[in-house]
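Colleague: Here you go, one structure.
The values are calculated or read from the model by the stated rules, or taken from the named source; none is laboratory data. Keep in mind it's a predicted model, so treat the numbers as computed, not measured. When we count neighbours, we look across all protein chains shown, and the Cβ atoms used for this are built from the backbone with ideal geometry, even at glycine. In case anyone asks, the SASA skips ligands and DNA or RNA and just uses the protein heavy atoms, side chains included. Shrake-Rupley method; radii C 1.70, N 1.55, O 1.52, S 1.80 Å.
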Amino acid sequence: MDWNDLRYFLCVARTGSLTQAAGDLNVSQSTVSRRIGELEASLGMSLFARSQTGYFLTDEGREVLRHAERVEDSVMALERGAAGIDDSPVGTVRLATSENLATDLVVPAMPAFRARYPGICVEIITSTATAELGRREADIALRVVRPTRGNLTVRRIGHMTYSVYGSRQYLEENPALPGKPFEGRHVITWDDSHAHLPAATWLARQHLDCSIALVASSLPVQIAAVRAGLGLAVIPDFLAVGDDFVRVVPSDQVFSNELWLVTHADLVASARIRALSDFLAEHVVAANPVLSGLPPRPQRTTKVRER
């Protein structure tokens, strides 16, 4: 049996779609279909029930899936072990993090990292979904939620505080009532697919009757909406840059998260993994006072004064 056939099988089993599996594997749909057919022929059983809505595992397919995942775990463990024995900082490191941490924290520091480690190529994976380190979807993850499962090494490297912000012009045009910063104002929030995020749950819990001006699926869009004067949003303090941002509700009345650097335990000895991990912890996060756990910087106030 060819291990690559199992890779195709696993991808189709997890996506339920030839099209999506082909995209994930960067091959044609006909290639995926052919490899699945070859695997079924070699095993002498049908693994999927085909329909117009997708591919669904048969009873035999579910049993094969259980064994295939064990094989995959073994192969991944072998790859992680091999990747962890390098003694020079050379090669590729895949970093999984959120879009805002990537664009505003990691990427600006990359020139300094490249100057120090020219032999390392960093691949950044941005998504609100959690990358699976155990399956080599990423080597390192920079997260605001500490993982509780897996053979992982977890390192606290910072502290993220959040406040409610509005643009100076919006607040001038929509003055607050005493003690009611949301009264008569609009908010910018997350869409339903991101309703589990801390900012979305806090806003929903604390201010159920807020008028919603914009629903967005990314933090950069929300920050742009605040800057454009659409309303108020919950924003990490280190991202609220510029004199046009005014803090409406301070961080001690909102919430905060620890910032975690997560690596699979099999990779901690790798020189290239260690190089990027240490750089992120010692030079990127530590260089930002807000992320280092210091209180948010004071704001200059001209015409608008919030709390």
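Colleague: Based on the Kirkwood radius over alpha-carbon pairs, what value in µm²/s does the Stokes-Einstein equation return for the translational diffusion coefficient of the stretch 3-83 at 20 °C and 1.002 mPa s? List each step's numbers first, then the result.
Modeller: Values: Rh = 13.0 Å.
For these conditions, the coefficient is 165 µm²/s.
Colleague: If I stretch the segment between A49 and E137 completely, what's the gain in nm (0.36 nm per residue apart, minus their alpha carbon distance), one decimal? Working shown, then result.
Modeller: Details: separation 88, 0.36 × 88 = 31.68 nm, distance 2.81 nm.
Here the answer is 28.9 nm.
Colleague: How much length is gained if the chain between A195 and N4 is pulled fully straight, taking 0.36 nm per residue apart and subtracting their Cα-Cα distance, in nm to one decimal?
Modeller: Numbers: separation 191, 0.36 × 191 = 68.76 nm, distance 3.73 nm.
Residue separation times 0.36 nm, minus the Cα-Cα distance, leaves 65.0 nm.
Colleague: For S30, what accessible area in Å² do you get when you roll a 1.4 Å probe over the heavy atoms of the protein chains, rounding to the nearest 10?
Modeller: Its accessible surface works out to 80 Å², give or take rounding.
Colleague: Carbon and sulfur: what percent of the stretch 160-254's accessible surface (1.4 Å probe)? Please report the intermediate quantities before stating the final value.
Modeller: On the way: 2270 of 4230 Å².
Looking at the stretch 160-254 in its full context, I get 54 percent from C and S.
Colleague: Using a Förster radius of 35 Å, what is the FRET efficiency between E38 and R149 based on their Cβ-Cβ separation? Nearest 0.05, please. Write out the running numbers ahead of the final one.
Modeller: Details: r = 34 Å, r/R0 = 0.98.
Given R0 = 35 Å and the Cβ-Cβ separation, E is 0.55.
Colleague: Extending each Cα 7 Å along its Cβ direction at H159 and E72, get the distance between those two points in nm, one decimal.
Modeller: With each label placed 7 Å out from Cα toward Cβ, I get 3.9 nm.
Colleague: Just to be sure I understand the model, the point goes 7 Å from the Cα along the line to the Cβ. What's the resulting E282 to Q206 distance in nm?
Modeller: 3.7 nm
Colleague: For the pair S218 and A112, what calculated FRET efficiency results from E = 1/(1 + (r/R0)^6), where r is the Cβ-Cβ distance and R0 = 41 Å, to the nearest 0.05? Spell out each step's value before the answer.
Modeller: Numbers: r = 26 Å, r/R0 = 0.64.
With R0 = 41 Å, the Cβ-Cβ based efficiency is 0.95.
Colleague: Return, ordered by residue number, the residues of the stretch 152-170 whose backbone nitrogen is under 19 Å from a label point located 7 Å along Cα→Cβ of E258.
Modeller: 152-162
Colleague: I want to check the label-to-label distance for N26 and T126. Put each point 7 Å from Cα in the C-beta direction and report it in nm to one decimal.
Modeller: Roughly 2.0 nm, to one decimal.
Colleague: Can you tell me how much longer the chain between D244 and E172 gets when fully stretched, taken as 0.36 nm per residue apart minus their C-alpha distance, in nm with one decimal? Walk me through the numbers on the way to the answer.
Modeller: Numbers: separation 72, 0.36 × 72 = 25.92 nm, distance 1.12 nm.
Using 0.36 nm per residue and subtracting the Cα-Cα distance, I get 24.8 nm.
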